[in-house]
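Have a look at the structure below before the remarks.
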Amino acid sequence: MKQWLCIAPLAITLTACGGDSGGSGSTGDNDDPGVVTSPTQPANLSSPDAAAAFVLAFTSFSDSAESPVQQKAVTTEDCPTSGTQSYDDETGVTVFDECTASFNGTTIIVDGQQRAVCTADDSPDVSNCDDVTNTFGDGSAPLSTSTATAESEQLIEFLGTGRFVDAETSSTSTLNLQLSLDQIRPEAPELIMITDDLVVFDEFDAGVDETSINGGFGTNAITSCGGGFVTFETISPITTTESSDNPVSGELNLTSDNGTSANLVFNSDGSVTITVDGDSQTYTEDDLNTICSG
């Protein structure tokens, strides 16, 4: 999937979520009582705008949740700029000690540990298995990646497990993670995101990409719409094509434990229609980028 849903670049942040929309979606102040600020509490999905906030949250989440580093089958080696990375071929654990690489004005620092093993037999030799389980961090100590440019700095901390299955025309990710994403700028507060058996299945063939999302996802308050925890259910796969920047078909349900829910239908013109308790609003990409002003 492309652009504002699921695999948008990490550079897309949620700090632009303010101001008035010029499109068809309602983007006024959120008047729902009790805005949720915790990623573990049930989300308030009592308006289309509130549900739209989770489209934005998931945009930021998805690329962040991909395996942040690649293991190398070495014992210990220096990193390109400074620091070291050490690999234990008996356990599949790679330990990064301020491992730093700089290129084209960007500096990336990785610190902490990651373990990669074959899911079927726990073997650390992942060269011959497609089903790989990655464990990020060690207990309460997360694996961190810091990316700095001349304009900004971003810190991402991973803690939990991710299972990745790659086939010739499909991929499946099963995520039980906590991510903390900090832009390290006053106007961009830290985001905290969690997943609970979140399964993302991606099938691609002849320029068509179909994605299904099922499972739990939570975030802290990302806009005036608030945050909270929701469960994704894919009714029909979300489809993008080589010629479309945004999904052109598909349907999702979002459900909160507090009894609120929302239905999302992706339209052929790249917009999305969100329905909550019979109240429907259609949003363009520009609308979503200015949602939940308050």
**OP:** Specify the residue that is surrounded by the most Cβ atoms within 10 Å (Cβ to Cβ); the eligible residues are those in the stretch 125-134 that are of a type outside the set (Asp, Glu) and in a strand (DSSP E or B).
**Re:** ASN134
Subject >> Scope the stretch 85-99; condition within 19 Å of SER146 (Cα to Cα) and crowded, with 18+ Cβ neighbours inside 10 Å; matching residues >> reply: GLN85, THR94, VAL95, PHE96, CYS99
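Could you tell me whether THR84 is in a strand (DSSP E or B) and either within 25 Å of the chain's Cα centre (by Cα) or among the aliphatic types (A, V, I, L, M) (or both)?
Details: in a strand (DSSP E or B): yes; either within 25 Å of the chain's Cα centre (by Cα) or among the aliphatic types (A, V, I, L, M) (or both): no.
The answer is no for THR84.
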Subject >> Members of the stretch 75-103 found to be at pLDDT below 90 and β-branched (Val, Ile, Thr), listed by number >> reply: THR75, THR76
**OP:** Go through the stretch 135-181 and count every residue that is crowded, with 18+ Cβ neighbours inside 10 Å and among the charged types (D, E, K, R).
**Re:** 1
**OP:** Name every residue in the stretch 208-246 that is at pLDDT below 90 and on the phi > 0 side of the Ramachandran plot, in order of residue number.
**Re:** GLY226, GLY228
**OP:** Select, from PHE266, PHE217, the only residue that is in contact with a Gly (Cβ under 6 Å, 6 or more places away or on another chain), crowded, with 18+ Cβ neighbours inside 10 Å and either of a type in the set (Phe, Trp, Tyr) or without any contact (Cβ under 8 Å) to a residue 12 or more places away in the chain (or both).
**Re:** PHE266
Subject >> Complete set of residues in the stretch 123-154 that are without any contact (Cβ under 8 Å) to a residue 12 or more places away in the chain and at positive phi >> reply: GLY139
**OP:** Identify the residue in the stretch 224-242 that is among the polar types (S, T, N, Q) and free of Cβ contacts under 8 Å to residues at least 24 places away in the same chain and, among all such residues, is surrounded by the most Cβ atoms within 10 Å (Cβ to Cβ).
**Re:** THR234
Subject >> Some residue of the stretch 107-124 being more than 23 Å from VAL200 (Cα to Cα), surrounded by 15 or more Cβ atoms within 10 Å (Cβ to Cβ) and of a type in the set (Asp, Glu) >> reply: yes
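The values are calculated or read from the model by the stated rules, or taken from the named source; none is laboratory data. Model, not experiment: these values are computed from the prediction. Methodologically, a virtual Cβ is constructed for each residue, glycine included, from the backbone with ideal geometry; neighbour enumeration extends over all protein chains shown.
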